[in-house]
Amino acid sequence: MIEDNKPANFTRRLSQNASTINSILDGLLGNESLAGEIIRPPRLMAAIRHGVLNGGKRIRPFLLIETATLFDATGKGVLQAACALECLHCYSLIHDDLPSMDDDDLRRGQPTVHKAFDEAMAVLAGDALLTFAFDLMSDPVVSDDANIRASLVQQLARAAGHGGMIGGQVLDIAAETNSLDEEQILQLQSMKTGALIRFACEAGATIAGASKEDKQSLNRFGEIIGQAFQLADDLLDVTSNSKTMGKATGKDEAKGKKTLIDYYGIEGSRSRLRELLDEANAMLSPFGAKADILRQTARFIIERKH
C-alpha cells in the first residue's frame, strides 16, 4: 500500500479506473437493445455516447470503487454501480450545458451535446441516462442482496433529486438574480456538486456491507471533498483559462453570481482548501494505510489544475 500512496501510482490507478469505466460504458451504451427494450434509436445513442464517452477523470466512480475496496469489495457489481453513478453525473452535465441552464458550448474541450446535435436531443439524451442509471443500479449484478440494491437506489435518488443535485441547480439559477451569503453558497454547493460526491463515498461502503459508523465516516469524508471540489473549481474559474479547462471560464462573474472566492479571496480560498484536506484526512484515520488512495484522491481534487 505504501507504493500506491506515491502520486505516480495514484495517477496510474486513476487513469486505469477511467479506462475500465469507459470500456464498460462503451458496451452498455451500444445500439443493441436489452430485454424489455424495443429499439435504441441510433441518433439518440450517438448523442448519449457523445455526452458520456468524451473523456473525463471519472472521479465519482473512482471514489465509489475505492471506498468499496476499503472493505475488500471488488468485482463486476461495484463496477456496475460506479457506471450507474457516472451515467447520472453525465446526464446532469448534458442538462447543465443547455441554453436554458448554463448555456455552454464546450465540455471537456468538445462541443456540448446540444451543439453537436440539437437542444431536444440533448434533453432526451439526459433523460435517457438518468433513467438508465437506475436501471443499472437496481440490477442484481450490483449485489445479491436486494436490501443493499434498494438502499443504493434510494440514496442515489435523494442525492440527485429535488433535495440534492437538482435542488442545488434551482438555487444556482436563483443566485443569478439574488446575492447569496457564505452559508447559502455552501448549502447550494453541497447540493449541486457535493451530493453525488458524498453518495459515491457512502455507496462503496453500502455495497460492501460496512458498519453504520464506517458509512458515517465516509459520508462525512464525501461532504468535505465535495466542498473542496467546488471551491477548487471556483478558484480555477477565476485563475485558469478555457483552453486549460476545456470549458468556458469566468462564467459566474459574468452572470454576477457570488462564489466563495468573493468571501475568501484567492489566497484565503487556497488556505481553506488546505484546511479541508486536513479535515478529509482526519475522517480517514480509522482506516489506516488502506485509505491511502482516498487520501491521494482528496489531495488530487484540491490541487487539480483543470
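Taking the Cα centre of the stretch 143-183 as origin, sum charge times position over the Cβ atoms of Lys and Arg (+1) and Asp and Glu (-1), and report the length of that vector in debye to the nearest 20. Let's see the in-between values first.
Working: 2 positive and 7 negative charges, 63 e Å.
Computed about the Cα centre, the dipole is about 300 debye.
Determine, from the Cβ-Cβ distance of Ala289 and Asn147 and an R0 of 41 Å, the FRET efficiency 1/(1 + (r/R0)^6), rounded to the nearest 0.05. Numbers along the way, then the final one.
On the way: r = 31 Å, r/R0 = 0.76.
Step by step, r from the Cβ atoms, then E = 0.85.
Find which of Ala122, Asn22, Cys83 sits farthest along the positive direction of the dipole of the chain, computed with +1 on the beta-carbon of Lys and Arg, -1 on that of Asp and Glu, about the Cα centre.
Asn22
Over 28 Å between Cα atoms, which of Lys57/Lys115; Lys258/Lys290; Lys115/Lys305; Lys76/Lys290 qualify?
Working: Lys57/Lys115 22 Å; Lys258/Lys290 39 Å; Lys115/Lys305 26 Å; Lys76/Lys290 21 Å.
Over 28 Å Cα-Cα: Lys258/Lys290.
Check every DSSP H run in the chain and write down those whose alpha carbon atoms cover 24 angstrom or more along the long axis and whose mean Kyte-Doolittle hydropathy is 0.5 or greater. Numbers along the way, then the final one.
Numbers: long enough: 7-28 (31 Å, -0.25); 76-96 (30 Å, 0.64); 119-138 (29 Å, 1.27); 212-239 (40 Å, -0.43); 260-284 (30 Å, -0.24).
Sorted by number, the helices that extend far enough and score high enough are 76-96, 119-138.
Tell me, what does the Kirkwood hydrodynamic radius of the chain come to in angstroms if you use every pair of distinct C-alpha atoms?
On the way: mean 1/r = 0.0507 Å⁻¹.
Averaging 1/r across every pair of different Cα atoms and inverting gives 19.7 Å.
If I model a spin label at Glu32 and Ile266 as a point 7 Å from the Cα along the Cα→Cβ vector, what separation in nanometres do I get?
5.3 nm
Scan the stretch 116-191 for GluC sites (Glu not before Pro) in coil per DSSP, keeping those whose Cβ has at most 11 other Cβ atoms within 10 Å, and list them by number.
Working: sites: Glu119, Glu176, Glu182, Glu183; in loops: Glu176.
For GluC sites (Glu not before Pro) across the stretch 116-191 that sit outside H, G, I, E and B with at most 11 neighbouring Cβ atoms in 10 Å, the list reads Glu176.
Please list, in chain and number order, the residues 5+ apart from Leu106 or on another chain whose amide H is under 5 Å from its amide H, with Hs placed from the backbone.
Residues meeting the amide H criterion: Thr112, Ala248.
Ranked highest first by average number of other Cβ atoms within 10 Å, how do 196-203, 73-80, 227-234, 34-41 line up? Present the calculation step by step, with values, prior to reporting the outcome.
Details: 196-203: 28.4, 73-80: 16.9, 227-234: 21.9, 34-41: 9.1.
With the highest mean Cβ count within 10 Å placed first, the list reads 196-203, 227-234, 73-80, 34-41.
Describe numerically, in nm with one decimal, the distance between label points set 7 Å from Cα along Cα→Cβ at Glu176 and at Arg43.
For Glu176 paired with Arg43, the spin-label model returns 2.7 nm.
Read-outs: derived from the displayed coordinates by stated rules, not from any lab. Computed from a predicted structure; not experimentally measured. With ideal geometry, Cβ positions are generated from the backbone for all residues, glycine too; neighbour counts draw on all protein chains shown.
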